[in-house]
Amino acid sequence: HEHHDLDEFFYVVEGRFWIDLEGRSVELGPKQGFVVPKGVVHRTRAPERAVILMIETASIVPTGN
């Protein structure tokens with residue numbers, strides 16, 4: 001999905017977390033963060049248990065458009 005007007009920030013507290021973007025995937029480990037810029041199609045996944053902090057505005061629909 002994508003968010004046309006707002007960025008989205010992910011921070012990994014524990015475990016491993018992947019963000020699939022068009023053309024590449026970003027793997028994050030503990031204490032790593034990543035900003036998905038507005039308008040970028042993305043999918044998040046964690047094959048095993050992960051604890052993450054996701055920061056977005058209250059107006060974002062988590063499933064995108």
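Taken across region 3-16, residues that are touching a strand residue (DSSP E or B) at 6+ places or on another chain (Cβ under 9 Å), at positive phi and open to solvent by 60 Å² or more (accessible area, probe 1.4 Å) do not occur at all. Does Val26 satisfy the criteria of being in contact (Cβ under 8 Å) with a residue 24 or more places away in the chain and of a type in the set (A, V, I, L, M)? When the stated conditions are applied, Val26 does not pass them. The set of residues from region 31-50 being surrounded by 14 or more Cβ atoms within 10 Å (Cβ to Cβ) and under 9 Å from the mean Cα position of the chain (by Cα) comprises Phe34, Val36, His42, Thr44.
The values are calculated or read from the model by the stated rules, or taken from the named source; none is laboratory data. Just so it is clear, the model here is predicted, and its values are computed rather than measured. Note that we place each Cβ from the backbone using ideal geometry, even for glycine, and neighbour counts take in every protein chain shown. All accessible areas refer to the heavy atoms of the entire protein, side chains included, with ligands and DNA or RNA removed. Shrake-Rupley method; radii C 1.70, N 1.55, O 1.52, S 1.80 Å.
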